[in-house]
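What follows is one structure encoded as structure tokens, with my remarks underneath.
Nothing in this text is a laboratory measurement; each read-out follows from the coordinates by a stated rule. These figures come from a predicted structure and were not determined experimentally. Positions of Cβ are backbone-derived with ideal geometry, glycine not excepted, and every protein chain shown enters the neighbour counts.
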Amino acid sequence: MEENMLATGEDYSPSPLLLNPHAQTKGGDDPIFHWFSRSMAAKAEGFDVVNGTLGSLLHEDGTLMVNKTVEAHIRQQPERELCGYAPLKGLPPFRELAIEMALGDQRVPLEKLGLSAISIATPGGCGALSVSATNFIDRGDNLLLRNRHWSPYQTIIHEQNCGIETWPLIPESPVNGLENYDGHGFTSALTGLVERQKRILIWLNDPAHNPTGLSLCRNERSALLNDIWGFAVAHPSTGFTLLIDAAYSLYANEPFGWAESILEKMKSERKWPTNLMLCFAVSCSKSHTVYGLRTGALVCLHPDKKFLNNVSDVLLHSGRGTWSAAPRVAQRAISEIHNDAQLLEKWTVERDAFKQLLAARREALRSSAITNGLSINPTHDGYFAFLECEENHAICEMAAKDHQVYLVPLKGGIRIGVCAIPEEKMERVAVALADGLARTR
């Protein structure tokens, strides 16, 4: 019998002594990886599994789909690029590319109107989100999100000891041309935050929203931008930062729609509110299929270059104290691809093929949903679709147990990984969801 080395009884926990109060509030498995692990366990047992859990683009046989141009160019990198440190702010060519990935062809006209941009490399888009929460809002304050969002947002925000305020993804009473933007909900939330906070940070995952696949149209982008611009003008002593989480933008029909909307706004207004900053969280995980190489950037826009230089130094400090330097090899490889016409063409052809595959899968899901009487959220681009429902956990359990269909229950419904499910399996997904809905009503 093994000797009990604990000085006290087994029911005693050292947590109050060894973990600080904030740490003691943490815990629990990430729901996405939890359901992914369950699907892999079922597959290992020999079941014919449909895995719609993880946000990775998969072949029909369930293996990872990789942009071969990117993979080959990474494998060709010399030792220094494979193993060496990157500069703390990132490799200069990659930092320039990150701004291009955010603004596209609109960068030059925006700069001509007086807008400046800086960027810093981060470990994926998640790093960009994290460093924004560290610096653009006060501890204990609330970030503003739509009520349907990527679940790790909550973890990132909790790590910063901040809270969450939300506005509805879809308005209850849509206005013509603004079917997917709840302006009343957004401005009501802003009004409440302005009364309590000195700084306001908004994360907006668009286009190709995770978990729904929704993309705002031109009118909706303009309306939202007008609203936050108006608040900045009306409340000059409050800081406003709108961060566009652009993780899936290069799979959208309007990948640079936000840059176009910003340009339109600047042409009509000319004078930028000093207390307003716009940012983009750029991720190469999806666009270049380098999920595990953790390559992304935070891009910040403002007319005041001196201020942006200060922001750049602030972000460097936070990065140094959190992840040191973002990984080097993908920064080098991806920036070289985008600066070589032949390599860029090859990458574009493969990326476009992925977009076509996603579109075919999404259409198959839409068709199967209609056939089975499901009403999924508006879904346009990217990796996911979403079914609103109350009994999401119970329905996912039924789908897994009775149909071997694995999806992810998130707040307000169920995320469907269009990126991972073969086109011919979408009918099976719809049947499983319809069965679960019928049995939980």
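Between beta-carbons, use under 10 Å as the cut-off and find the net charge around GLU81, counting Lys and Arg +1, Asp and Glu -1.
+1
Working out 0.36 nm times the residue gap between MET40 and GLN76, then minus their Cα-Cα distance, what length gain in nm do you get to one decimal?
This chain segment gains 9.8 nm when fully extended.
If you put +1 on each Lys and Arg Cβ and -1 on each Asp and Glu Cβ, how big is the dipole of region 85-327 around its Cα centre, in Debye rounded to 20?
About 620 debye.
What ranking of ASP340, ASP206 emerges when the number of other C-beta atoms within 10 Å of each C-beta is taken as an exposure proxy, fewest first?
ASP340, ASP206
State, as an integer percentage, the relative contact order of region 85-327 based on alpha-carbon contacts under 8 Å between residues 6 or more apart.
The value is 31 percent.
Between LEU88 and VAL233, what FRET efficiency comes out of the Förster formula 1/(1 + (r/R0)^6) with R0 = 41 Å and r the beta carbon distance, rounded to 0.05?
Result of the calculation: an efficiency of 0.70.
Among CYS83, CYS162, CYS419, CYS279, which comes first, then next, by fewest other beta-carbon atoms within 10 Å?
Ranked by crowding around the Cβ, least crowded first: CYS83, CYS162, CYS419, CYS279.
By how many nm would the segment from PHE33 to VAL314 grow when fully extended, if each residue of separation counts as 0.36 nm and the alpha-carbon distance is taken off?
Answer, rounded to one decimal: 97.9 nm.
Any idea which of THR274, ALA400, ASN377 is furthest toward the positive side of the dipole for the chain, if Lys and Arg beta-carbons carry +1 and Asp and Glu beta-carbons -1?
THR274
How big is the charge dipole of the chain about its Cα centre, in debye rounded to the nearest 20, if each Lys and Arg gets +1 on its Cβ and each Asp and Glu gets -1 on its Cβ? Spell out each step's value before the answer.
Working: 42 positive and 51 negative charges, 249 e Å.
Dipole size: approximately 1200 debye.
Give me the net charge of ASN339's neighbourhood, meaning all other residues with Cβ under 14 Å from the Cβ of ASN339; Lys, Arg count +1, Asp, Glu -1.
On the way: positive: ARG95, ARG332, LYS346; negative: GLU96, GLU100, GLU336, ASP340, GLU345.
For residues surrounding ASN339, the net value is -2.
Relative contact order (percent) for region 127-169, with alpha-carbon contacts under 8 angstrom and 6 or more residues of separation?
Numbers: 46 pairs, mean separation 20.5, N = 43.
After rounding, I find 48 percent.
Rank-order 346-357, 222-233, 427-438 by packing density, defined as the average count of other C-beta atoms within 10 Å over each peptide's residues, highest first.
Peptide ranking by packing, descending: 427-438, 222-233, 346-357.
Restricting the count to DSSP beta bridges whose residues both fall in region 85-327, what percent are antiparallel, rounded to a multiple of 5?
So the antiparallel bridges in region 85-327 amount to around 40 percent.
In the structure shown, do any of LYS68/LYS411; LYS26/LYS306; LYS267/LYS305 have a Cα-Cα gap over 30 Å, and if so which?
Too far apart for the 30 Å limit: LYS68/LYS411; LYS26/LYS306.
For mean projected area of the Cα convex hull in nm², pick the label among (1) 22.6; (2) 25.7; (3) 21.0 that corresponds to the value derived from the coordinates.
So the structure-derived entry is (2).
Among the DSSP beta bridges whose two residues both lie in the chain, what percent are antiparallel, rounded to the nearest 5?
So the antiparallel bridges amount to about 50 percent of the total.
Quick one: putting +1 on the C-beta of Lys and Arg, -1 on the C-beta of Asp and Glu, what dipole do you get for region 172-229 around its Cα centre, in Debye to the nearest 20?
Once rounded to the nearest 20, the dipole reads 320 debye.
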